[in-house]
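*Asks:* Take a look at this one; I'll ask things after.
The values are calculated or read from the model by the stated rules, or taken from the named source; none is laboratory data. On a predicted model such as this, the values are computed, not experimentally measured, just so you know. Here the Cβ positions follow ideal geometry from the backbone for every residue, glycine too, while neighbour counts run over all protein chains shown.
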Amino acid sequence: MTILDIIEKKKIKAELTTEEINFFVEGFTNGTIPDYQASSLLMAIVLNGMTDRETFDLTNAMLHSGDIVDMSHLGGTVVDKHSTGGIGDSTTLALAPILACCGVYVAKMSGRGLGFTGGTIDKLESIPGFNTSLTEEQFFDVVKRVGCAVIGQTANLAPADKKLYALRDVTGTVNSIPLICGSIMSKKLASGSDTILLDVKYGSGAFMPTPEQALELAQKMVQIGTLAGKRIGALITDMEQPLSDYVGNTLEVLGILEVLGGKQNRLYREIKEVAVRLLVLTGKFDAKQAENAFQDAIDSGKALAKLAEMVQAQGGDASYILHPEKFVLGTEEVILASEYGYVDQIIAADIGRACTHLGGGRMTKEDVIDFSVGVVMNVELGSKVCKGDVLCRIYHNGKGVEQARQLLVNAIHIGDEPICTHKIAYAYVDKNGVELY
Ligand code: URA
């Protein structure tokens, strides 16, 4: 068997055997298959897809490429949440402390930016001193003491995904149902939590363009997780526009601090939906109790204090959480509306791409991120604007400003008619089936 034969086979849409999939995953993980051949096979998978059996085998091979973490020693319910990625999707930063305040453990391994989307780990690293590379012992110590911790994927947890994720990020091979399923489910099954809520996004800022495709991905992941004995559910949520008004690493931390401070915007509503579903999924809460626990965590200020506690426990400077004015941002520029009308389309991926041009995301694996840049939206879908109104603000340090400006001008479309906006969620799916909103 050679990798070339496997690439040729997928090129003509043939089904790969379990052995061939294992050969690829093992060979790429141990370095015998180089990036260029892996990229070629990944592109063939993006273009020609995989059967359910191949997707299951891919997930299984990636899961067994490293260690499987046992969290039973924590002695409580351990929950996890994973988003398929979007623009301004900083929900983990709020969910971890909120859920910890509700009495469940959150031991979360998160990712870096992928394609045009931002990553939780990059956002957390914008807090001075915050360490996302704790040892396993330190990680569990923080989880036990604080109730939540968020770190990057450890070297031993689904290492196949760690390498493939970085390669897919820079080779245009992200948007594929089998590759996303393998990537997410290998990590979720390896990371040892017992209750998992997947947030599967659709729209112009997501890897799945339509709610139907997002539902298909969600159903596959829920099926694999249920088979593995997890309590697992998936929300299909709207990413037709940035989830938060803030897009960029430091900026998204600022957006989360507003939500934990009580601001009830779209980001807040989605965080609430995910938290309540997840708490109900644990079997320890009914919907009303989950909602009350969520509300109390925010209204009492306990969730904000818990975030500061987590930041401190992970080596970060918690004074930034309590005094957000300490964060440094780039120079501000505005983009103005050129006409009167209603915002009827936002190409959310281009807001993410604009952020990458400013230095807030990676174009190559080696790129170093500038945390202080990004975009703040002043409008959302449906907003009424007059000529000269501010549509958004750019924060920059001189890099990529013109490209970002061009992308943003074209990404926010103003039409003549008011529009109806989507609900936060399209559907929820678990082992009992699909519930449409
Ligand atoms: N998030 C992941 O962890 N993997 C993907 O492939 C997409 C989103």
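*Asks:* Return the only residue of Ala214, Ala234 being under 23 Å from Cys148 (Cβ atoms) and not basic (Lys, Arg).
*Replies:* Answer to the selection: Ala234.
*Asks:* Right, here's the next one. Among the residues of the stretch 83-110, write down those that are under 23 Å from Val222 (Cβ atoms), crowded, with 24+ Cβ neighbours inside 10 Å and of a type outside the set (Val, Ile, Thr).
*Replies:* Selection gives Ser83, Gly85, Gly86, Asp89, Leu95, Ala96, Leu99, Cys102, Tyr105, Ala107, Met109.
*Asks:* So Val146 ticks every box in (1) modelled with pLDDT of 95 or more; (2) out of contact with any Phe, Trp or Tyr (no Cβ under 7 Å at 6 or more places or on another chain); (3) within 11 Å of the ligand (Cβ to nearest atom) but one. Which box is left unticked?
*Replies:* Looking at each condition in turn, Val146 falls short on (3).
*Asks:* Further question on the same structure: With the structure loaded, tell me whether Ile121 is within 16 Å of the chain's Cα centre (by Cα) and outside the structural domain of Val373 (by TED's automatic domain parsing) or whether it fails that test.
*Replies:* Yes; evaluated as a whole, the condition is true for this residue.
Table: residues versus (1) part of a helix (DSSP H, G or I); (2) at pLDDT 95 or above.
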| residue | (1), (2) |
| --- | --- |
| Tyr36 | yes, yes |
| Ser39 | yes, yes |
| Met62 | yes, yes |
| Ser65 | no, yes |
| Gly76 | no, no |
| Thr92 | yes, yes |
| Ile98 | yes, yes |
| Arg112 | no, no |
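*Asks:* Can you find even one residue in the stretch 126-139 that is at pLDDT 95 or above and among the acidic types (Asp, Glu)?
*Replies:* no
*Asks:* Take the stretch 156-203 and flag every residue that is in a loop (DSSP other than H, G, I, E, B), more than 12 Å from the ligand (Cβ to nearest atom) and over 15 Å from the mean Cα position of the chain (by Cα). Walk me through how you get there before you give the answer.
*Replies:* Going through the stretch 156-203, the residues in a loop (DSSP other than H, G, I, E, B) turn out to be 156, 158, 170-176, 191-194, 203.
In the following step, the residues that additionally are more than 12 Å from the ligand (Cβ to nearest atom) were identified as 156, 170-172, 192-194, 203.
Hits for the stretch 156-203 are Asn156, Val170, Thr171, Gly172, Gly192, Ser193, Asp194.
*Asks:* Also, quick follow-up: State whether one or more residues within the stretch 64-76 are of a type outside the set (A, V, I, L, M) and either within 16 Å of the ligand (Cβ to nearest atom) or within 30 Å of Thr250 (Cα to Cα) (or both).
*Replies:* Taking the stretch 64-76 first, the residues of a type outside the set (A, V, I, L, M) are 64-67, 70, 72-73, 75-76.
Next, only the ones that are either within 16 Å of the ligand (Cβ to nearest atom) or within 30 Å of Thr250 (Cα to Cα) (or both) stay: 65-66.
Checking the stretch 64-76: at least one residue is of a type outside the set (A, V, I, L, M) and either within 16 Å of the ligand (Cβ to nearest atom) or within 30 Å of Thr250 (Cα to Cα) (or both).
*Asks:* Kindly indicate the residue of the stretch 97-143 that is of a type in the set (Ser, Thr, Tyr) and within 16 Å of the ligand (Cβ to nearest atom) and also nearest to Lys284 (Cα to Cα) among those meeting that condition.
*Replies:* Just the residues of the stretch 97-143 that are of a type in the set (Ser, Thr, Tyr), to begin with: 105, 110, 117, 120, 126, 132-133, 135.
Filter once more, keeping what is within 16 Å of the ligand (Cβ to nearest atom): 110, 117, 120, 132.
Details: Ser110: 25, Thr117: 33, Thr120: 27, Thr132: 30 Å.
It comes out as Ser110.
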